[in-house]
Amino acid sequence: QVQLVESGGGLVQPGGSLRLSCVASGVIFNSKTMAWYRQTPGNEREYVGSITTGGSAYYVDSVKGRFTISRDNAKNTMYLQMNSLKPDDTAVYYCNTFTVPRLPWGQGTQVTVSA
């Protein structure tokens, strides 16, 4: 059964850091470009960044230089290291494939950046 499980979110002060994890099961993880997305209430889910099967990572401008995506294919896991967090980064974070068709969405992990 295909499943994506995100974890690692929480409440952090502005300027702080968090590391999110995404564990995939039921898929050939190392064959897929994976991506992180985030969503705030009332808004569309938006792309944050992605990582190719070869480990090349790409980011939207708003997180470039602050966020780092990595993956461990042996563990079917992708990571999102978030540094210098800002209140605007507050959202539910999801992982999925970069291209369609997407896998079933996981429950996401809430990141709240607030003093």
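Summary table
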read-out	value
Pick from the range 25-47, criterion closer than 28 Å to Gln13 by Cβ and basic (Lys, Arg), ranking: surrounded by the fewest Cβ atoms within 10 Å (Cβ to Cβ)	Arg45
Matching residues in the range 48-99 - criterion: being open to solvent by 40 Å² or more (accessible area, probe 1.4 Å) and within 10 Å of Trp36 (Cα to Cα)	Tyr59, Phe98
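The values are calculated or read from the model by the stated rules, or taken from the named source; none is laboratory data. Predicted model, so just to flag it, every value in this text is computed and none were measured. Virtual Cβ from ideal backbone geometry, glycine too; neighbours counted across all protein chains shown. Note: accessible area is taken over every heavy atom of the protein model, side chains too, but ligands, DNA and RNA are not part of it. Shrake-Rupley method; radii C 1.70, N 1.55, O 1.52, S 1.80 Å.
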